[in-house]
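Beneath this line is the structure, given in structure tokens, with notes to follow.
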Amino acid sequence: QVQLVESGGGLVQPGGSLRLSCAASGSIFSIAAMGWYRQAPGKQRELVAAVTGGGRINYADSVKGRFTISRDNAKKTVDLQMNSLKPEDTAVYSCNARIPVATYWGQGTQVTVSS
């Protein structure tokens, strides 16, 4: 069983920064692909950024150059540094852990970008 707990969401002005953190429990963290997804009101959930157990990273085109995902296998955390935030980044951000036989989700954290 894996539990994921996100933190770091909040309200920020356009152009500002936030750092989201996801803390994981369980023994599969080092082999799991970890990702951050987001869902805005009325829209489908979308992948924001992901990092595999081997360190391969990919980003949504909309966040490239602004967001950075990182993982620490020793601490079992995966962070999302978000810079130059835009109002369209407003969404509930959720942490995801994926192994071949299962997928796990955190409860989500709200990010609101507004002046």
Test: residue 46 is surrounded by fewer than 18 Cβ atoms within 10 Å (Cβ to Cβ) and more than 22 Å from residue 103 (Cβ to Cβ): no
Hits in the stretch 1-36 - residues which are in contact with a Phe, Trp or Tyr (Cβ under 7 Å, 6 or more places away or on another chain) and open to solvent by 30 Å² or more (accessible area, probe 1.4 Å): 9
Residue among 51, 92 that is surrounded by 15 or more Cβ atoms within 10 Å (Cβ to Cβ), modelled with pLDDT of 95 or more, closer than 24 Å to residue 113 by Cα and not aromatic (Phe, Trp, Tyr): 92
Cross-chain or 6+ apart pairs with Cβ under 7 Å, the stretch 1-27 first and among the small types (Gly, Ala, Ser) and modelled with pLDDT under 95, then in a loop (DSSP other than H, G, I, E, B) and open to solvent by less than 50 Å² (accessible area, probe 1.4 Å): 24/2; 25/2; 26/2
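The values are calculated or read from the model by the stated rules, or taken from the named source; none is laboratory data. As the structure is a prediction and not an experimental result, all values here were calculated from the model. We place every Cβ from the backbone using ideal geometry, glycine too, and count neighbours over all the protein chains shown. Accessible surface areas use protein heavy atoms only, side chains included; no ligands, DNA or RNA. Shrake-Rupley method; radii C 1.70, N 1.55, O 1.52, S 1.80 Å.
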